[in-house]
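**Q** Here it is: the structure, laid out below.
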Amino acid sequence: MSAGAPTAAVRKIIHVDMDAFYASVEQRDDPSLRGLPVAVGGARERGVVAAASYEARRFGVRSAMPSLTARRLCPDLVFVRPRFEVYRAVSEQVRAVFAEHTPLIEPLSLDEAYLDVTENLQRIASATEIAERIRATIRERTGLTASAGVSYNKFLAKLASDHRKPDGLFVITPRMGPGFVEALPVGRFHGIGPVTAARMNRLGIHTGLDLRQWSLEGLQAEFGKAGAFYHAIARGEDYRPVQAHRLRKSVGAETTFSRDLAEFGELREALRPLAAKVWDHVARHGLQGRTVTLKVKFSDFRQITRSQSSVVPVASLAELEGIATRLLGAVLPPPRGIRLLGVTLSALGDDSKGPAAQLALAL
């Protein structure tokens, strides 16, 4: 089953989510931004909002929104260039707080993680008390707020952390779980994206209660392997464990240009910082990858990808850049202007395992 197999013991799971993380860091570090609608990202014509402060969200500004759209919604929006090295440093501070309570930490991104505190380092019986201590310590050490959800599984803990944002704490007990789920729109379920939610709506599935009316067989027939997961979460069930030290499957970087590009020289120059960003991440985390993928989006928004895999990992930045450049050359001249390029390194593994282990992972 997608949701895992039942266990006898009831887990104590906390989901911690930093509030408007990137924007909050910028407002913390620049007092003149406090109280203003702030967007972290590019203000240029084809820029994208990476994060929005709560002041900006009141105007409908959201992450991943085109900057032009955000500006129309909020004419007074203040754009700030992202400082990922600062966000990473703060994220490490936050994870150090988590590590004082449990080694079972599953980061989802720089600003959120699951923690299993069923057995915890400080032997605190109440998961709610642990969540309160974590939030207080994060505020003390970073000057930032975090929201937390406490429950008996990951799915409900994630829902709980969203319930009283920002700077909130909410608990969903085993007795509350099924009832809490049945009243929620399926579009609010973590694990059900907009496309799937729209498909469910067309089938008459609008809430958790609607979803619960479907049999396991019916959901599997309609949604394939994901049907088992949907069947479980509609009942407040999720047996997936918190996966400490979860290995990322890929690392990527992309950029959208202010104008369409078509010349090889310009596109090659645009690839270099993308490859460097990807290589910096894998090098700092001791990872190696064997598959390089180039992403190309044309002016009409049509998108293609081209990949190259090898038995042994990519050995250097120069090799990564060279493969990406060859993949780029294979799609030129383009049928129309190119508005976006991306580079991804995947089939990742830990380089501490040595050549023999790496070769054993060959495709």
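The values are calculated or read from the model by the stated rules, or taken from the named source; none is laboratory data. All of these numbers come straight from a predicted model, not from anything done at the bench. Note that each Cβ is placed from the backbone with ideal geometry, even for glycine, and that neighbours are counted across all protein chains shown.
**Q** Every residue in the stretch 188-198 that is within 16 Å of PHE229 (Cβ to Cβ) and in contact with a helix residue (DSSP H, G or I) (Cβ under 8 Å, 6 or more places away or on another chain), please. So that I can check it myself, show each step before the final result.
**A** Here is the first cut: in the stretch 188-198, the ones within 16 Å of PHE229 (Cβ to Cβ) are 188-193, 195-197.
Within the stretch 188-198, ARG188, PHE189, HIS190, GLY191, ILE192, THR196, ALA197 qualify.
**Q** Is there any pair linking a residue in the stretch 275-291 that is under 15 Å from GLY322 (Cα atoms) to one that is among the hydroxyl-bearing types (Ser, Thr, Tyr), with Cβ under 6 Å and at least six apart or on different chains, and which?
**A** GLY289/SER346; ARG290/SER309; ARG290/SER310; THR291/SER307; THR291/SER309; THR291/SER346
**Q** Across the stretch 22-73, which residue is nearest to THR255 (Cα to Cα) among those that are without any contact (Cβ under 8 Å) to a residue 24 or more places away in the chain and β-branched (Val, Ile, Thr)?
**A** VAL49
**Q** Would you check which residues across the stretch 153-183 are in a loop (DSSP other than H, G, I, E, B) and under 22 Å from the mean Cα position of the chain (by Cα) and list them?
**A** Start the filter on the stretch 153-183 by keeping residues that are in a loop (DSSP other than H, G, I, E, B), which leaves 153, 164-168, 172-176, 183.
Within the stretch 153-183, ASN153, ARG164, LYS165, PRO166, ASP167, GLY168 qualify.
**Q** Can you tell me which residue among GLN213, GLN220 is more than 25 Å from ALA113 (Cα to Cα) and crowded, with 16+ Cβ neighbours inside 10 Å? Reasoning before the result, please.
**A** Values: GLN213 fails: crowded, with 16+ Cβ neighbours inside 10 Å.
Only one candidate passes the filter, namely GLN220.
**Q** Quick one: would you say LEU115 is assigned by TED's automatic domain parsing to the domain that holds LYS154 and closer than 23 Å to LYS277 by Cβ?
**A** Details: assigned by TED's automatic domain parsing to the domain that holds LYS154: yes; closer than 23 Å to LYS277 by Cβ: no.
In short, no.
**Q** With basic (Lys, Arg), modelled with pLDDT of 95 or more and touching a Leu at 6+ places or on another chain (Cβ under 8 Å) as the only criterion, which of ARG57, ARG28 stands out? Show your work before the answer.
**A** Working: ARG57 fails: touching a Leu at 6+ places or on another chain (Cβ under 8 Å).
Unique residue meeting the criteria: ARG28.
Here's the yes/no breakdown for (1) of a type outside the set (S, T, N, Q); (2) at pLDDT 90 or above; (3) crowded, with 17+ Cβ neighbours inside 10 Å:
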| residue | (1), (2), (3) |
| --- | --- |
| LEU247 | yes, no, no |
| PHE264 | yes, yes, no |
| LEU287 | yes, no, yes |
| VAL292 | yes, yes, yes |
| VAL296 | yes, yes, yes |
| SER310 | no, no, no |
| VAL314 | yes, yes, yes |
| GLU321 | yes, yes, yes |
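**Q** A further question on this structure: Only one of these is assigned to a helix (DSSP H, G or I) and closer than 30 Å to ARG290 by Cβ: GLY227, GLY265, GLY218, GLY252. Name it. Walk me through how you get there before you give the answer.
**A** Values: GLY227 fails: closer than 30 Å to ARG290 by Cβ; GLY218 fails: closer than 30 Å to ARG290 by Cβ; GLY252 fails: assigned to a helix (DSSP H, G or I).
Testing whether each residue is assigned to a helix (DSSP H, G or I) and closer than 30 Å to ARG290 by Cβ leaves just GLY265.
**Q** Another one. When the stretch 104-137 is examined, which residues are found to be touching a Pro at 6+ places or on another chain (Cβ under 8 Å) and among the acidic types (Asp, Glu)?
**A** Within the stretch 104-137, just ASP116 meets the criteria.
**Q** Tally the residues that are small (Gly, Ala, Ser) and either in a helix (DSSP H, G or I) or on the phi < 0 side of the Ramachandran plot (or both), restricting the search to the stretch 202-215. Lay out the reasoning, then the answer.
**A** Applying the first criterion (small (Gly, Ala, Ser)) to the stretch 202-215 yields 204, 208, 215.
From the residues that got through so far, the ones that are either in a helix (DSSP H, G or I) or on the phi < 0 side of the Ramachandran plot (or both) too are 208, 215.
Summing the residues that are small (Gly, Ala, Ser) and either in a helix (DSSP H, G or I) or on the phi < 0 side of the Ramachandran plot (or both) in the stretch 202-215 gives 2.
**Q** Any chance you could count how many residues in the stretch 71-97 are touching a helix residue (DSSP H, G or I) at 6+ places or on another chain (Cβ under 7 Å) and either in a helix (DSSP H, G or I) or charged (D, E, K, R) (or both)?
**A** Within the stretch 71-97, residues that are touching a helix residue (DSSP H, G or I) at 6+ places or on another chain (Cβ under 7 Å) and either in a helix (DSSP H, G or I) or charged (D, E, K, R) (or both) number 6.
**Q** Sticking with this structure for a sec: On the basis of being more than 27 Å from PHE229 (Cα to Cα) and in contact (Cβ under 8 Å) with a residue 60 or more places away in the chain, does THR118 make the cut?
**A** Here the answer is no, as THR118 does not meet what is asked.
**Q** Of GLU254, GLU321, which residue is over 25 Å from the mean Cα position of the chain (by Cα) and not assigned by TED's automatic domain parsing to the domain that holds LEU108?
**A** Values: GLU254 fails: over 25 Å from the mean Cα position of the chain (by Cα).
Unique residue meeting the criteria: GLU321.
**Q** Collect the residues in the stretch 119-140 that are out of contact with any helix residue (DSSP H, G or I) (no Cβ under 8 Å at 6 or more places or on another chain) and assigned to a loop (DSSP other than H, G, I, E, B), keeping them in residue-number order.
**A** Filtering the stretch 119-140 for residues out of contact with any helix residue (DSSP H, G or I) (no Cβ under 8 Å at 6 or more places or on another chain) gives 119, 121, 123, 125-133, 135-136, 139-140.
Once the filter is applied, which keeps residues that are out of contact with any helix residue (DSSP H, G or I) (no Cβ under 8 Å at 6 or more places or on another chain) and assigned to a loop (DSSP other than H, G, I, E, B), the stretch 119-140 yields GLU119, LEU121, ARG123, ALA125, SER126.
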